[in-house]
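K.L.:
Structure below; questions to follow.
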Amino acid sequence: MASLAIYLLNKRTFLPLFLTQFFSAFNDNAFKLSMLTLISYHLSTSQGQSEYYQAIAAALFTLPFFLFSATAGQLADKYDKALMTKLIKLFEVLLMVVGGFALSRGSISLLLLCLTGMGIHSTFFGPIKYAILPDHLSRDQLLGATALVEASTFLAILLGTTLGALAIGTTISHVSYAILITNLIALLGFMTSCYIPAASSKSKNLQIDWKIWRATQVMLKDVLKNDRLLPAILAISWFWLIGAVMLTKLPDYTRYVLGADTSVFAVFLSLFSSGIALGALSIGYFLGSRITLRYVPLAMLMCSLFAIDLYLASPVLTEEMPLQTFGQFFLKLSSLRIIFDFFFFSFCAGLFVVPLYTYLQISSDEGARARTIAANNIVNALFMVCGTFIVVLLLHLNVGIAMVFFILAVLNAVAALMLWLLLTMQARAQLA
């Protein structure tokens, strides 16, 4: 029930973790956008140089997920997850001190090093924030808790992205604001982590394999051969793929398809994050305490319908026109259809991802739950990278951005059908 999810915010077993993960997601994006805004508007000497550093930054933030997820999962399963969280958040506090110095000095190399550190921080905290929930909450509370975590994550991303960029500024650099925000949030994250109750390990005798490649192979093999876990992991990874594609191309869609300026882009970014957040909360209300994947394919199909209509509603610009402002764009009746489609595409994405994460928690072996989440994070990262490369290839073949969204919608419908067939086969096998 909706009241259950709200009630969880009053529980000491949930509120400290909820706040810690909110501050974590906020700071990841606040520091990243502060850094990228500083480089783009104040340090770069050309557009090409700015784009180069943006690409490097994206790669450096993602790389730790491939390199250290196996180690992160093992450590989280072997040791007290609450203690691990405190150490990780302390690392973030120290990292933001260095990051603040890098921002003040305008040192691009040191900024990139700190961003890599934030990627490492996220890699180690990612498995914990989901794996610890079943340790502190009952089964009938997990869906509501996961809904709150997902909703707050995307709101934190929106707030962190916005404030990170605004703190620096595009005309006059306000580095001190960015330093204050990122250091304060890191400190708050550490403080709230100190109140997370202990979560005793179920795998105290686990031998840590420090050989990254071998440990990653073993972890992925163990998880991906599990017929119960594989559909959820693939569907979650697909969610991150479509999200990454939409966000990556949203600036260009706003500029070159809609012919609108950055104020309109900011609104669409807000619609994306708030839509997913509201979808996550809504499915928590609708399902109550039931953990089922029954409605996931339907939500995915609804995503496809809204994405297809977004393609159909997208204008075709035949000549270069002055960019529309916020007021000019939203006064057009056709714009309301685009806004409607984009918001409900995001809303339906929020509907289908929450049951998947909750299912992953209850279907994992309790002694290997963090490793399961870590393996999921690796596959997520792989899907996002593949999605980005596919989009680059399509654009290289002169496929329009709106058509990219249409192709994505068709592929998403196929994925929904495949998931439905897989879930149906599993249900029949259980009855046999």
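Throughout, read-outs are computed from the coordinates displayed, never taken from laboratory work. This structure is a prediction, so every number in the text was calculated from the model and none was measured. In this analysis, Cβ positions are derived from the backbone assuming ideal geometry, glycine residues included, and neighbour counts consider all displayed protein chains.
K.L.:
Could you let me know the centre-to-centre spacing of region 307-363 and region 135-197, using Cα atoms, in angstrom?
P.N.:
About 25 Å separates the Cα centre of region 307-363 from the one of region 135-197.
K.L.:
How far is it, in nm, from the label point at Leu187 to the one at Ser104 when both lie 7 Å from their Cα along the line to the Cβ?
P.N.:
1.4
K.L.:
Which whole-number percent gives the relative contact order of the chain, counting Cα pairs below 8 Å spaced six or more residues apart?
P.N.:
27
K.L.:
Moving on to the next point. Region 1-207: Rg/Rh from Cα coordinates, Kirkwood Rh?
P.N.:
Rounded to two decimals, Rg over Rh is 1.01.
K.L.:
While we're here: Using 1/(1 + (r/R0)^6) with R0 = 35 angstrom and r between the beta carbons of Arg214 and Leu421, what's the FRET efficiency to the nearest 0.05?
P.N.:
E between Arg214 and Leu421, to the nearest 0.05, is 0.55.
K.L.:
Amide H of Gln324: which non-local residues (sequence gap of 5 or more, or other chain) have their own amide H closer than 5 Å, using H built in the peptide plane?
P.N.:
Ala260, Asp261
K.L.:
Which listed residue (Gln207, Thr146, Tyr7) has the Cα farthest towards the positive end of the charge dipole for region 1-207, taking +1 on Lys and Arg C-beta and -1 on Asp and Glu C-beta about the Cα centre?
P.N.:
Positive-most Cα among the choices belongs to Gln207.
K.L.:
Under 16 Å from the Cα of Lys221, which aspartates and glutamates turn up, not counting those fewer than eight places away in the same chain?
P.N.:
Asp209, Asp365
K.L.:
In addition: So how much slack lies between Ala55 and Leu83, counting 0.36 nm per residue of separation and subtracting their Cα-Cα distance, in nm?
P.N.:
6.7 nm
K.L.:
Report the calculated FRET efficiency for Arg428 and Leu305 (r = Cβ-Cβ distance, R0 = 30 Å), to the nearest 0.05.
P.N.:
Given R0 = 30 Å and the Cβ-Cβ separation, E is 0.60.
K.L.:
Additional query: Please give the charge dipole size of the chain, origin at the Cα centre, charges +1 on K and R Cβ atoms and -1 on D and E Cβ atoms. Round to the nearest 20 debye.
P.N.:
It comes to approximately 1060 debye.
K.L.:
Ok, one more. Would you list Lys129, Lys202, Lys81 from fewest to most Cβ contacts within 10 Å?
P.N.:
With the sparsest Cβ surroundings first, the list reads Lys202, Lys129, Lys81.
K.L.:
Sticking with this structure for a sec: Could you check the spin-label model distance between Arg290 and Leu63? Points 7 Å from the Cα along Cα→Cβ, value in nm.
P.N.:
4.7
K.L.:
Apply the membrane-span-like helix rule to the chain: whole DSSP H runs, Cα extent along the own long axis of at least 20 Å, mean Kyte-Doolittle hydropathy at least 1.6. List the helices found.
P.N.:
Those that pass (Cα extent of 20 Å or more, hydropathy at least 1.6) are 175-193, 262-287, 296-313, 401-431.
K.L.:
Relative to a virtual label point 7 Å from the Cα of Leu336 in the Cα→beta-carbon direction, which members of region 263-288 show backbone nitrogen distances below 17 Å?
P.N.:
No residue passes the distance filter.
K.L.:
Among 205-214, 285-294, how do they line up from the highest to the lowest mean number of other beta-carbon atoms within 10 Å?
P.N.:
Descending packing order for the listed peptides: 285-294, 205-214.
K.L.:
If you take the charge dipole of the chain about its Cα centre, with +1 on Lys and Arg Cβ and -1 on Asp and Glu Cβ, which of His136, Val257, Ser237 is farthest toward its positive end?
P.N.:
Towards the positive end, the residue furthest out is His136.
K.L.:
Taking just the alpha carbons, could you work out the radius of gyration and Dmax for region 93-198, both in angstroms?
P.N.:
16.3, 51
K.L.:
Also, quick follow-up: Go through Lys11/Lys32; Lys225/Lys249; Lys89/Lys225; Lys32/Lys86; Lys202/Lys225 and tell me which ones have a Cα-Cα distance over 30 Å in this structure.
P.N.:
Long pairs (Cα-Cα over 30 Å): Lys11/Lys32; Lys225/Lys249; Lys89/Lys225.
K.L.:
What FRET efficiency would be calculated for the residue pair Cys194, Leu312, taking the C-beta separation as r and a Förster radius of 60 Å, to the nearest 0.05?
P.N.:
Calculated value: 0.70.
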